[in-house]
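Everything below concerns the one structure shown next.
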Amino acid sequence: MADEDQQQGNKAKRHGMLKMYYGIEEDQDGGASLDPCDINGAHFKADTYLARLIKEKTLTELMDEESKTLTQIKALDSDMQTLVYENYNKFISATDTIRKMKNDFRKMEDEMDHLATNMSSITEFSANISCTLQDRRQQITKLAGVHSLLKKLQFLFELPARLKKCIEMQAYSQAVRYYSKAKRILHQYQHMPSFKGISEDCNKIIQELCQLLRQQFKNKESTPKQLAECVDLLLQLGEPAEVLCEEFLSHARQKIDEEDLKVLDRQICLQRGEEIKMEGESPAQAYLGTTPMDVLEFVDSGCNGFLSNICLVIAFYNDTFLNKHQEDDNTDAMALKKLVHFVNELMEKYFNFVQRRVQLEKETGDNTILVRSLDRFHRRLQAMNKLLPDTDFSRAGTEIVSRAAKDRVGYYLQTLKQNFADCLTDIRQNLAAPRLVGKQDSSAQLSDLLHSTQSTILEQIKSVLGNLQAFTASDITFAMKPYFRGPFCTQDVREGLIVGFLNHINSVCEEFCEGTGDRGSVPPALLLILSRLCLDFEGSTISYLLTLTEEQFLLEENLSHSLTPVSDLCTKAKNTAQRLLNHYVKVQGLSISQMLRKSVETRDWLNTIEPRNVRAVMKRVIEDITAIDMQVGQLYEEGCRKERSSDSSRRTHPHSYSVSQNKKPGQWNYAPSIDNSLMSNIQKLFSEKIEIFSTVEFSKVSVLTGIVKISLKTFMECVRLRTFGRYGLQQIQVDTNYLQLYLWRFVSDENLVQVLLDEIVGSTVHRCLDAVLMEQSVIDLICERG
């Protein structure tokens, strides 16, 4: 029993180790179970389990349990085989690995034994050498010291020859290194004759070397690197640092002026169209000096030439004069001051050239190349600030960029103004061109001219805003700077360009209203188109343009207090539209008034014949007013009218001025005249006062009413200056009746036409020597026939 228990214990232990190796967790509940019928438990007993099944299960259930158990056994056998195969392969691999490790360690042990033998031999050999040379060690040390001293003496005796050889080979730095190494010893032992001769020879050679270095220093072909090497060698030879600073910067200034700034100056002259004389230069330089560069090539030339060279000068200057003499604060301060003054002078010249070249780009429309060149210019200046921290060139560069952007805005403003002037010229030409199709088509063209002008202005402004957006692109360095973006977007683009152009349109339109200078002869239709244009601007265009500008240039809301309000611009545009419309009414009214005045002044009203027709001038007046009505109707709405009478085509003159037609001419006396005048004055007291030059509303009826009032008022004033006979009075009757037949259609209140025409007839009666009125039926017949 003890052996069986021990075997079961070993089996359980191996089983647990396998579970631990393959990561199988034991069921704590199953492991702790003591039930002998638990087939998965550690205390399972087959006899007890089988007896329990026979007791509790039916035959069918026992058969099912048998098949289930057989299936589980087969599965376990398969798992067991797989587990054995896998472990067998691993055991084989482990065995091979262990066998190989044993072979490797055996070889390593042999090598370690061989190494230990060699180390023992080396130790023994070293001990033998130490014993052999122990007595001669001091003697060897002394001989080594003597040998070193002899080598130094040999170097000193050979120094003059070495220096000459170095000078012949132009190895100046090697010569200075030799002399610097021996200088202290020669100075220390110069009281000895042999060393004194060597020192004098070396000093002569070094003076000659200094002269050669100064000649190379003054050579125009020397590069900044060669200059820095010369200065470094001269400083090592004891030359004064302040003098060398002056000479170094002077030579660098001369070289940069002649090679870099002179090229920039030539390019500016070429852009201006000036002739350049190339003397004493190579063909390549002559070609480059006579070929114009665009602004991007100009900036690249300045960056790669001028800025690169001046950066090299600064770097070499710092390495030569500043970084090597930090123990002398006065020398450092002096050298830094000279460098800053030198750089500021040259950068001021360079900024001047860049600004002049950028200003010459005003004649181009595209901003891409200009913005790219300004961006490179700005980036390079920021890099210079890191090289010379005591200066700040980025702000001066930003001022040039801002000024260039402002100049572009100014150029685009002038372009918009010129475009607006061209639009006005096109309108004038279209209005003045001969028409082959009649007046109706001519007046119908006004709406097309208005729409064409509006679309042209809007497209030009959108194009300009699109071009200016290049200055605010996200990949442009200066565009992200608040000291550039804020003023550019608000003061330059919104206020300077958009608001400035809108104010220019208003000022040009107001000049048309003044009627002075070159704008004295303005086509009335142009005034009408401009009036409608300003009214449309007030209604929607101004708000649209400013909103578009704010969206495209991301204007900040906190700057709105410094911007021109939209309401002010709309009010100004509406006032300009009102002035233009008033002036249009005045011009058209005076044009018709001129015809009426000439028709009254050039006729002999005392000796005229009996009227048989309406005068041609009256027909012309109706035709002109009809044409004006069609003109205005193309641009303005109808407007409001007062209610008309049922028969507005006919009227009966008041009889305040009537005279009995049964009287003979000789019966007309003064008394009735006084009564008629009194009656007329009494009637005027109760009639509504008519304001002739009143403000016109933005409607067709209001415009035509103003023109008719001016025309009839002029007619009445001309009548008051004349004396009439019987037939002259009757002709005025016919003319006024004809006017009444047509004019009522154009005015807002037909009573206004009746009152003015009645006053004209009444004034004619008062100034008639033989006031006999024509019967109304005869007047109607003449008017219908006319």
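The values are calculated or read from the model by the stated rules, or taken from the named source; none is laboratory data. Quantities reported herein were computed from a predicted structural model and do not represent experimental measurements. Cβ atoms come from the backbone with ideal geometry, glycine included; neighbour counts cover every protein chain shown. Note: accessible area is taken over every heavy atom of the protein model, side chains too, but ligands, DNA and RNA are not part of it. Shrake-Rupley method; radii C 1.70, N 1.55, O 1.52, S 1.80 Å.
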Of all trypsin sites (Lys or Arg not before Pro) in the range 95-144, the ones in DSSP coil with at most 16 other Cβ atoms within 10 Å are R136
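Please label the shape of the range 687-786 as rounded, prolate or oblate, based on the square roots a ≥ b ≥ c of the eigenvalues of the alpha-carbon gyration tensor (a/c under 1.5 means rounded; beyond that, a/b larger than b/c means prolate, else oblate). Don't jump to the answer; show the numbers that get you there.
On the way: a/c = 2.70, a/b = 1.56, b/c = 1.73.
Verdict is oblate for the range 687-786.
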What residues qualify as long-range amide H neighbours of C768, i.e. H under 5 Å apart, gap of 5 or more or another chain, H built at 1.01 Å from N? F724
Efficiency by 1/(1 + (r/R0)^6): what FRET value for Q138 and E242, r their Cβ-Cβ distance, R0 = 60 Å, to the nearest 0.05? 0.65
Roll a 1.4 Å probe over the protein heavy atoms and report the accessible area of D392 in Å², nearest 10. 90 Å²
What's the extension gain from M119 to N87 if we count 0.36 nm per residue and subtract their Cα-Cα distance? 6.8 nm
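Would you kindly state how much longer the chain becomes between E259 and D422 on full extension, computed as 0.36 nm times their sequence separation minus their alpha carbon distance, in nm to one decimal?
Numbers: separation 163, 0.36 × 163 = 58.68 nm, distance 4.65 nm.
Between E259 and D422, full extension yields an extra 54.0 nm.
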If DNA, RNA and ligands are ignored and the probe is 1.4 Å, what is the ranking of I92, I710 by accessible area, most exposed first? I92, I710
Might you work out the accessible area of H191 for me, using a 1.4 Å probe with all protein chains in place, and round it to the nearest 10 Å²? 140 Å²
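Largest first, how would M334, M80, M774 line up by accessible area (1.4 Å probe)? Mind showing how you got there, number by number?
Numbers: M334 45, M80 110, M774 20 Å².
Descending accessible area places them as M80, M334, M774.
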Distance-filtered residues of the range 473-488 - backbone nitrogen under 19 Å, label point 7 angstrom along T415 Cα→Cβ: 473, 488
Pair E200, T58: separation of 7 Å Cα→Cβ label points (nm): 14.1 nm
Mind giving me the FRET efficiency for S562 and S507? R0 is 30 Å, r the Cβ-Cβ distance, nearest 0.05 is fine. 0.85
The range 470-590, relative contact order [Cα under 8 Å, separation at least 6], %: 37 percent
What are the extents of the Cα atoms of the range 545-610 along their three principal axes, listed from largest to smallest and rounded to whole Å? 79, 19, 14
Compute the length gained on full extension between N751 and Q207: take 0.36 nm times their separation in residues and subtract their Cα-Cα distance, giving the result in nm to one decimal. 184.1 nm
Spacing of the two label points (7 Å from each Cα toward its C-beta) at K181 and T391, in nm: 4.0 nm
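With r as the distance between the Cβ atoms of T602 and Q776 and R0 = 35 Å, compute the FRET efficiency 1/(1 + (r/R0)^6) and round to 0.05. List each step's numbers first, then the result.
Working: r = 28 Å, r/R0 = 0.80.
It comes to 0.80.
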So, taking all protein chains as they sit and a 1.4 Å probe, how much accessible area belongs to R428, in Å² rounded to tens? 80 Å²
Residue order for F353, F306 - accessible surface, 1.4 angstrom probe, largest first: F353, F306
Beyond 19 Å (Cα-Cα) in this structure, taken from K574/K709; K255/K349; K619/K700; K417/K700, we find K574/K709; K619/K700; K417/K700
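Evaluate the Kirkwood expression for the hydrodynamic radius of the range 334-395, namely the inverse of the mean inverse distance over all pairs of different C-alpha atoms, and round to one decimal in Å.
Values: mean 1/r = 0.0760 Å⁻¹.
Over the range 334-395, the inverse of the mean reciprocal pair distance is 13.2 Å.
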